[in-house]
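What follows is one structure encoded as structure tokens, with my remarks underneath.
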Amino acid sequence: MSYKMDKGQKAVLADQRLSSELMESRDGVQEPCIWSSPEGGKDEAELGKRIFCNRSLNMRNIIAVGFDMDYTLAQYKPETFEKLAYEGTIEKLVSNLGYPEELLGWTFNWKYMVRGLVVDKKRGNILKMDRHKYVKVAYHGFRELTKEEKVGTYGNTLIRDAFDEPDYALIDTLFSLAEAYLFSQLVDYMDKNPGRVPARVDYARMYKDVRSAVDMCHRDGTLKQMVAKDPIKYINEDKSIVPLLKMLRDSRRATFLVTNSLWDYTNIVMNFLCESRTLDACNFDWLQYFDVVITGSAKPGFFHEESNANLFEVEPESGKLINTDNGTPMAQVGNTSPSITLKKQNERCRVFQGGTVRHLHKLLSIGSSSQVLYVGDHIYGDILRSKKVLGWRTMLVVPELEAEVKLLWELRDSRKALQLMRSDRDHIEDQIHRLRWSLE
Ligand SMILES: Nc1nc2c(ncn2[C@@H]2O[C@H](COP(=O)(O)O)[C@@H](O)[C@H]2O)c(=O)[nH]1
Ligand SMILES: [Mg+2]
């Protein structure tokens with residue numbers, strides 16, 4: 001990431017440069033660069049490390065910056081982490097749900113699926129839609145539908161399909177790549193071997209089975225135990241996280257973490273990211289970089305202001321949950337001062353589980369939602385509601401863009417040449433039309 005902040009609350013997103021370099025006006029003419037910093041972004045950051053804005057954000061108004069953890073601060077390695085999810089899911093399908101043992105020999109191509117695809121559960125199809133919700137590409141299992149098949153299935157309805165639950169599922173998180181791939185494999189397998197999948201299983205049932213097996217992998221420790229044992233195998237190291245958090249805190253902004261992961265796992269992942277520590281050496285030093293940590297937040301429900309979810313304080317050493325009254329630890333019968341140990345241990349940062357955005361605002365003394373910037377990876381879980389309903393300012397982490405932006409940049413000359421050729425072609429076509437009309 002590339003941005004500048006000074007201690008006097010004067011902070012700006014300093015990197016609109018590339019976005020204006022890459023963004024051409026409609027007539028193909030390059031717009032002049034608009035700089036946010038006086039130096040004009042002279043100390044260039046690597047292409048993939050820059051921040052892009054679709055509207056300006058004055059950091060001066062931001063008093064608290066929050067982060068999601070999984071796939072935001074912690075970038076998992078899909079070649080190991082998603083493979084683990086894929087193998088764990090197959091294992092559960094075979095052992096618990098009666099799928100054939102030969103699935104255990106299947107392999108996972110982690111590069112095949114991308115976020116943004118849509119699963120048509122009933123038909124066993126994977127769809128790529130355009131921004132207007134028209135199906136551009138459709139695959140049945142791994143076979144691409146012909147144009148006629150595609151139009152016949154998705155193009156002829158009088159009432160337009162919403163492509164939403166319950167018949168469709170959106171692949172909107174990197175956690176879902178393995179299940180989408182496995183679903184396509186199962187569709188192919190079932191078409192070719194109709195008697196080999198459990199009786200009464202259709203495509204939709206197969207998707208449901210895969211989903212519940214994946215869900216179980218996240219809940220029963222299949223994934224988290226393995227990550228805890230060997231985090232470097234599954235999570236990319238990122239030496240810029242601590243400087244980033246320090247910089248935010250030096251600028252006197254509050255920092256917070258809101259994650260759906262529970263405390264035990266959060267502590268392991270954050271120890272690895274901030275301190276390069278593994279399970280046996282875990283401590284709580286990383287908490288110094290935050291004012292508030294909320295685990296088990298159940299996003300997106302966390303962002304519903306009307307939610308009544310209870311907020312518990314977590315005792316970091318034991319993981320014990322303590323009842324709170326809006327964030328204030330409650331006295332237990334027979335013990336009038338339960339909060340003393342917690343306060344001493346945790347002078348800088350308090351750790352919670354559950355609660356709602358109202359609790360967070362109170363804990364951080366946030367007066368207006370527009371003073372909060374939240375960084376997340378999940379458009380639905382992290383961004384949609386927090387931005388649209390609450391009015392938080394949001395930043396979406398899209399690692400896929402790194403390759404795309406590089407490619408756009410590398411191909412800039414060809415793209416420009418193509419644009420000029422298109423414009424020449426349009427002129428020539430217009431001239432031909434005029435000449436034709438003059439002859440009629
Ligand atoms: N029970 C399930 N948990 C899931 C699933 N997919 C992801 N996850 C877990 O959610 C959190 C994400 O945390 P955040 O920091 O991004 O808020 C992490 O613990 C995942 O393991 C699922 O399908 N079922
Ligand atoms: Mg996340």
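The values are calculated or read from the model by the stated rules, or taken from the named source; none is laboratory data. Since the model is a prediction, treat every value here as computed from it, not as a measurement. Counting neighbours? That spans all protein chains shown, and the Cβs are built from the backbone with ideal geometry, glycine included.
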* Can you work out which of the residues in the range 199-235 that are within 16 Å of ligand 1 (Cβ to nearest atom) and not in a helix (DSSP H, G or I) is surrounded by the fewest Cβ atoms within 10 Å (Cβ to Cβ)? => Asp220
* To do: Go through the range 369-393 and give me each residue that's in contact with a helix residue (DSSP H, G or I) (Cβ under 9 Å, 6 or more places away or on another chain) and more than 13 Å from ligand 2 (Cβ to nearest atom).
  => Ser369, Ser370, Gln371, Val372, Leu373, Leu384, Arg385, Val389, Leu390, Gly391, Trp392, Arg393
* helices (runs of 4 or more DSSP H) wholly in the range 352-440 with at least 3 residues that are touching a residue at least 24 places away in the same chain (Cβ under 8 Å), under 29 Å from Phe52 (Cα atoms) and not assigned by TED's automatic domain parsing to the domain that holds Ser318 - which ones? -> 401-410, 412-439
* To do: Please go through the range 177-198 and pick out each residue that is assigned to a loop (DSSP other than H, G, I, E, B) and touching a Gly at 6+ places or on another chain (Cβ under 9 Å).
  => Val197, Pro198
* Being surrounded by fewer than 14 Cβ atoms within 10 Å (Cβ to Cβ) and farther than 30 Å from Leu401 by Cα, is that true of even one residue in the range 129-150? -> yes
* **Residues located in the range 395-408, provided they are away from ligand 2 (no atom under 13 Å from the Cβ) and surrounded by 14 or more Cβ atoms within 10 Å (Cβ to Cβ)** => Leu401, Glu402, Val405, Leu408
* Asked: Can you tell me which residues in the range 53-86 are crowded, with 18+ Cβ neighbours inside 10 Å and part of a helix (DSSP H, G or I)?
  -> Met59, Phe81, Glu82, Leu84, Ala85, Tyr86
* To do: Output the residues belonging to the range 239-255 that are touching a residue at least 60 places away in the same chain (Cβ under 8 Å) and either out of contact with any helix residue (DSSP H, G or I) (no Cβ under 7 Å at 6 or more places or on another chain) or outside the structural domain of Gly319 (by TED's automatic domain parsing) (or both).
  => Ser240, Leu244, Met247, Leu248, Asp250, Ser251, Arg252, Arg253, Ala254
* To do: Please tell me if Met69 is in the same structural domain as Arg253 (by TED's automatic domain parsing) and at pLDDT 95 or above.
  => yes
* **Scope the range 236-267; condition within 22 Å of Thr173 (Cα to Cα), within 12 Å of ligand 1 (Cβ to nearest atom), part of a helix (DSSP H, G or I) and not polar (S, T, N, Q); matching residues** => Trp263, Tyr265
